[in-house]
Amino acid sequence: MKKRVLIAEDEPNIVTSLEFLMSEVGHEFRTALNGEDALRLAAEFRPDLMLLDVMLPLKSGFDVCRSVRGDKTLKKIKIVMLTAKGRETEVAKGLALGADAYITKPFATRELLDTVKRLLGD
């Protein structure tokens, strides 16, 4: 069954890469370029999983994660935080806010796809 993935990322080359990967594995996806759009699309599109950049304009990935986890209609969405900030404090913060996984950029395609597959139960 096709899974729904919300890509919340503002860097065009990473967006292109993530869209390509999600289409290659057959997932339906939508893309948000800022945190406010990510929350709006999460409510409209109802993704199974969100690939969420920490450093988004308008609302950070941490804020988006906190909002999704605080909304009873959205809290089942699996969240993979993506960030160039790989420090332990950043990782701990993302996981404490309810992220299911944390991947640092630049990421290996296989690592990302394995994480998505594991979280979606494919």
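A few remarks follow.
- Test: residue in the range 93-100 that is closer than 17 Å to residue 9 by Cα and assigned to a strand (DSSP E or B): no
- Scanning the range 39-59 for residues that are part of a helix (DSSP H, G or I) and either farther than 17 Å from residue 116 by Cβ or at pLDDT below 95 (or both) turns up 39, 40, 41, 43, 44.
- Within the range 97-122, residues that are more than 14 Å from residue 7 (Cβ to Cβ) reach partners that are in a helix (DSSP H, G or I) and aromatic (Phe, Trp, Tyr) with beta carbons closer than 8 Å, at six or more positions or on different chains, in the pairs 97/62.
- Comparison of 59, 78 shows that the only residue that is more than 10 Å from the chain's Cα centre (by Cα) and within 17 Å of residue 30 (Cβ to Cβ) is 59.
- Scanning the range 101-119 for residues that are of a type outside the set (Ser, Thr, Tyr) and outside any helix (DSSP H, G or I) returns 101, 103, 105, 106, 107, 108.
- Any hit, the range 60-83, residues being modelled with pLDDT of 95 or more, among the acidic types (Asp, Glu), closer than 13 Å to residue 38 by Cβ and part of a helix (DSSP H, G or I): yes
- Tally, over the range 1-13, of residues that are under 12 Å from the mean Cα position of the chain (by Cα) and either assigned to a helix (DSSP H, G or I) or surrounded by 20 or more Cβ atoms within 10 Å (Cβ to Cβ) (or both): 5
- Of the residues making up the range 28-58, those that are touching a residue at least 40 places away in the same chain (Cβ under 8 Å) and in contact with a Lys or Arg (Cβ under 9 Å, 6 or more places away or on another chain) are 45, 46, 47, 48, 49, 50, 53, 54, 55.
- Options 64, 25, 91; residue that is within 20 Å of residue 121 (Cβ to Cβ) and β-branched (Val, Ile, Thr): 25
- Restricting the range 21-62 to residues that are among the charged types (D, E, K, R) and crowded, with 17+ Cβ neighbours inside 10 Å, the residue that is nearest to residue 108 (Cα to Cα) is 53.
- Test set (1) touching a Phe, Trp or Tyr at 6+ places or on another chain (Cβ under 6 Å); (2) at pLDDT 95 or above - residue 115 fails condition number: (1)
- Any hit, the range 93-100, residues being at pLDDT below 95 and touching a Ser or Thr at 6+ places or on another chain (Cβ under 9 Å): yes
The values are calculated or read from the model by the stated rules, or taken from the named source; none is laboratory data. Just so we're clear, the structure is a prediction, and the values are computed from it rather than from any experiment. Backbone-built Cβ (ideal geometry, glycine too); neighbour counts: all protein chains shown.
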